[in-house]
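Encoded as structure tokens, the structure appears first; notes follow it.
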Amino acid sequence: MAKKKEEKTEKEQVLSLEETFAQIEEVIGRLEAEDITLEQSFAEYNRGMALLAQCNETIDRVEKKVLKINEDGGLDEF
Amino acid sequence: MQNVYTVAQVNSYIRNMFTQDFMLQKVRIRGEVSNCKYHTSGHIYFTLKDEKSAISCVMFSSDRRGLPFRMTEGQQVVVSGSVDVYERDGKYQLYARQIELDGIGALYERYERLKAELAERGMFDEAYKRPIPRYIRVLGVVTAETGAAVRDIINVATRRNPYVQVILYPATVQGEAAAPSIINGIHALERLQTDTIIVGRGGGSIEDLWAFNEEAVAQAVFDCSVPVISAVGHETDVTITDFVADLRAPTPSAAAELAVCDFRQIEERMEEYEATMQHLCRRTIQRYRNRAAQYGMRLRYLSPLHILRTKKTQAVSLEEHLQAAMEGKLQEVRHRLALYAAQMKGLSPLDKLSQGYAYASDATGKTLSSVEQVAVGEQIQVYVKDGSLLAQVQEKRNG
């Protein structure tokens, strides 16, 4: 629920996947414009590909084991 | 003959027996409400019954504070009061001072009361609902360590996205210890900065699910800074926690589906983005290429070489036209000539000879057109188609 909403945004410097996707959508929007120059389109394309690479990084493709909080508040494998 | 008593005396005697009975003065009776009538005077008349028996009851308007809900037919209640005799009718009845809902009925009553209260406070308001993030990295789960709920959540979550970290808070979800345990779980997972928390358990009776109807649990869910998906029991079980949660899932499996986005979808979306960007870039390049090609064409069109070539072509074409015109003219003349020749041929005397006619001349070559021009014995020339004959006039006959 609501309340302490703002605290997290400051802490999260890394863009979430959602935000990155939103940015890619914006890049695509600009690429779609009829009047984009060739230089701009290269720049936007590079930016888009960099964002995609960032997505891949964010996803962190390592299979995760389910963790369980133990009585001391530490984490064990479930 | 024994003493004869009045009716009033007997009823008074009996009433006295009742009032002296300690047990009847303070009694609690469990039963089902029937024939319930709220009288305009404020008194309530009803009958309390079970499978075997029934007792008339009355609650006076002065005791109405002891009834915190609207009593209706069929309710299971526990009535506290005294049993006394109404002398006028010779009838004993239960004078109710306090009425509570019994067992499950009481739980439903508490549930409804808390639901109304929290709704009143606005805790179910859409405005407080936080959106569930679509792509999460860490999923918190507050539920029992054993049982179908935790298995279902883990199975569904890891199947949809094996790269999502699931952290389980093994909570007690039933009995007295359940509410504090669930609240601790929510707090612990909030501290671990999970992206979404699923709070729930498998199906059960209203008593089994009761912890999720506790105000403290509802408050913890409401206060949680991390979006909470509730998944309590089956689709038909709706708890207070469900109303307060940011999203209610009908079952634990459904909660995992709502919390964890299908990884294939993420991948597909990324591939789609890449393809779109490449396509758009190629399109821009193609557009520039086309423009360059257009300029090239225009430039070539305007080049001196092109102009020269065009003029040359024009000259050739003119020459061809000229020739064609000349040819046409000649053709026409030739044609007319042929026509004249044909006409003239028809008029030629020589032509007549070919049709079997002949003509004659005298010796000097003068054409004979009259018998007078020659004398008998004179020689004449007769011309036919393929030569001439030398002939002698034998005789003359006039026409």
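The values are calculated or read from the model by the stated rules, or taken from the named source; none is laboratory data. Predicted, not measured: the structure shown is a model, and the values here were computed from it. Don't worry about glycine lacking a Cβ; one is built from the backbone with ideal geometry, like all the others, and counts go over all protein chains shown. Side chains included, ligands, DNA and RNA excluded: accessible areas come from the protein's heavy atoms. Shrake-Rupley method; radii C 1.70, N 1.55, O 1.52, S 1.80 Å.
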Under 9 Å between Cβ atoms, at least 6 apart or on separate chains: pull out the pairs that start in the range A:42-68 with a residue that is facing chain B (nearest Cβ under 7 Å) and end on any residue that is open to solvent by 50 Å² or more (accessible area, probe 1.4 Å) and among the aromatic types (Phe, Trp, Tyr). A:Val66/A:Phe78; A:Leu67/A:Phe78; A:Lys68/A:Phe78
Could you run through the range B:15-72 and say how many residues are among the polar types (S, T, N, Q) and modelled with pLDDT under 90? 1
Report whether or not A:Leu31 is more than 30 Å from B:Leu192 (Cβ to Cβ) and either facing another protein chain (nearest Cβ under 9 Å) or open to solvent by less than 50 Å² (accessible area, probe 1.4 Å) (or both). yes
Tell me which residues, restricted to the range B:156-180, are within 12 Å of chain A (Cβ to nearest Cβ) and either touching a helix residue (DSSP H, G or I) at 6+ places or on another chain (Cβ under 6 Å) or touching a residue at least 24 places away in the same chain (Cβ under 8 Å) (or both). B:Ala157, B:Asn161, B:Pro162, B:Tyr163, B:Val164, B:Gln165, B:Val166, B:Ile167, B:Leu168, B:Tyr169, B:Pro170, B:Ala171
Inside the range B:240-281, the number of residues satisfying the requirement of being more than 20 Å from B:Val226 (Cα to Cα) and surrounded by 23 or more Cβ atoms within 10 Å (Cβ to Cβ) is 1
Would you mention how many residues in the range B:252-284 are small (Gly, Ala, Ser) and within 11 Å of another protein chain (Cβ to nearest Cβ)? 1
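Looking at B:Ser56, is it touching a strand residue (DSSP E or B) at 6+ places or on another chain (Cβ under 7 Å), among the hydroxyl-bearing types (Ser, Thr, Tyr) and not in a loop (DSSP other than H, G, I, E, B)?
Numbers: touching a strand residue (DSSP E or B) at 6+ places or on another chain (Cβ under 7 Å): yes; among the hydroxyl-bearing types (Ser, Thr, Tyr): yes; not in a loop (DSSP other than H, G, I, E, B): yes.
So B:Ser56 fits the description; yes.
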So which of B:Tyr295, B:Tyr301 ends up being open to solvent by 70 Å² or more (accessible area, probe 1.4 Å), hydroxyl-bearing (Ser, Thr, Tyr) and closer than 30 Å to A:Glu44 by Cβ? B:Tyr295
Could you please tell me which pairs satisfy a Cβ distance under 8 Å, a separation of 6+ or placement on different chains, a first residue in the range B:213-229 that is within 9 Å of chain A (Cβ to nearest Cβ), and a second residue that is among the polar types (S, T, N, Q) and assigned to a helix (DSSP H, G or I)? B:Val221/B:Thr241
Determine whether the range B:113-130 contains at least one residue that is closer than 30 Å to B:Val27 by Cα and away from chain A (no Cβ under 12 Å). yes
Residue check for B:Glu215: within 18 Å of B:Val142 (Cα to Cα) and among the acidic types (Asp, Glu): yes
